[in-house]
Amino acid sequence: MFPMLKKFKDLLSGRIEGFDFETQLVKVDGQEFTLRKANRKDSVQFMQVQESIYPIPVPWPIDIVEMEIGNKNALYLSLVDKDRVIAFIGLSLSDKVESHITNLAVHIDYQDVGIGHLLLDQAFKYCKSRHFTKMSLEVDVTNKDAIALYEAFGFKVENVHKKYYFRNHHDALEMMADL
């Protein structure tokens, strides 16, 4: 089994719990957006966000996206501009100690204005308020912008997973931050 798929399967095998999130109006670079809990209807727009930044095939196919949005051990947040999802973040919260970012994506038209920073900040606040003490993630070793953003939030490399990503066989950095 590919390492990325094994990790994904492991994340799904936790305790069942629901995670609420109160819809918020947020501002980034002077523009107002709605940040809300994702719903299954967002899955098509999640795919559009992924397609704007990744080569085809995108890392997460629509059936996995739909399953994750409905996963009771996860929280997915959608950042919406009018009626369009322009970014999202997914958190696996089955461990009660360590939260895990499963996915973070910002549409290409909205990058470099602070949206990734906003989503990470919201994830940190949410997890801290629920007494998680750590946050982990994996990132493609070639994604220098994402790595810089994660390091700015205190993430440190814990491990390197060789050929982690099945679509391109790139290595992944496993990163961890204290909350």
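Coordinate-derived values only; no laboratory data. In this text, all values refer to a predicted model and were calculated from it rather than measured experimentally. Please note: Cβ atoms are built from the backbone with ideal geometry, for glycine as well, and neighbour counts cover all protein chains shown.
Here are the numbers for this structure:
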read-out: Rotationally averaged projected area of the range 45-103 (alpha carbon convex hull; nm²); value: 4.3 nm²
read-out: Alpha carbon centroid spacing (whole Å) that separates the range 73-93 from the range 126-163; value: 18 Å
read-out: Of the DSSP H helices in the chain, those whose Cα atoms cover at least 18 Å axially and whose Kyte score averages 0.0 or more; value: 115-129
read-out: Contour excess over end-to-end distance, with Cα ends at LYS72 and PHE166 and 0.36 nm allotted per residue; value: 31.3 nm
read-out: In the range 75-159, trypsin sites (Lys or Arg not before Pro) in a DSSP loop with at most 13 other beta-carbon atoms within 10 Å; value: LYS82, LYS96, ARG130
read-out: Karplus-derived 3J(HN,Hα), 6.51/-1.76/1.60, for each residue of the range 173-178, Hz, glycine and proline x; value: 8, 8, 10, 9, 9, 7
read-out: Cα gyration tensor, the chain - rounded (a/c under 1.5), prolate or oblate; value: rounded
read-out: Most to least packed among 102-109, 33-40, 52-59 [average Cβ atoms within 10 Å]; value: 102-109, 33-40, 52-59
read-out: Check: the range 93-155 dipole with +1 on Lys, Arg Cβ and -1 on Asp, Glu Cβ, in debye; value: 400 debye
read-out: Ascending count of other beta-carbon atoms within 10 Å, so fewest first, for GLU98, GLU68, GLU151, GLU158; value: GLU158, GLU151, GLU98, GLU68
read-out: Label-to-label distance, nm, for residues given as LYS156 and SER52 (7 Å Cα→Cβ offset); value: 3.5 nm
read-out: Relative contact order (percent, whole number), the range 77-179, Cα cutoff 8 Å, 6+ residue spacing; value: 22 percent
read-out: For the chain: relative contact order, % (alpha-carbon pairs under 8 angstrom, 6 or more apart); value: 19 percent
read-out: Cα gyration tensor category, rounded, prolate or oblate, for the range 95-179 with a/c compared to 1.5; value: oblate
read-out: Dipole of the chain, positive direction: furthest Cα of GLY70, LEU119, ASN103, with charges on the beta-carbon; value: GLY70
read-out: Spacing of the two label points (7 Å from each Cα toward its C-beta) at LYS144 and ARG40, in nm; value: 4.2 nm
read-out: Reach of LYS27 by Cα under 15 Å, taken over aspartates and glutamates that are not fewer than 8 positions away in the same chain; value: ASP81, ASP112, ASP121
read-out: For LEU179, residues with placed amide H under 5 Å, excluding near neighbours; value: LYS134, MET135
read-out: Helix-only [θ]222 nm of the chain, DSSP H runs n ≥ 4, -39500 (n - 2.57) each, per residue, nearest 500; value: -9000 deg cm²/dmol
read-out: Cβ-derived FRET efficiency at R0 22 Å, ASP112 paired with GLU22, nearest 0.05; value: 0.20
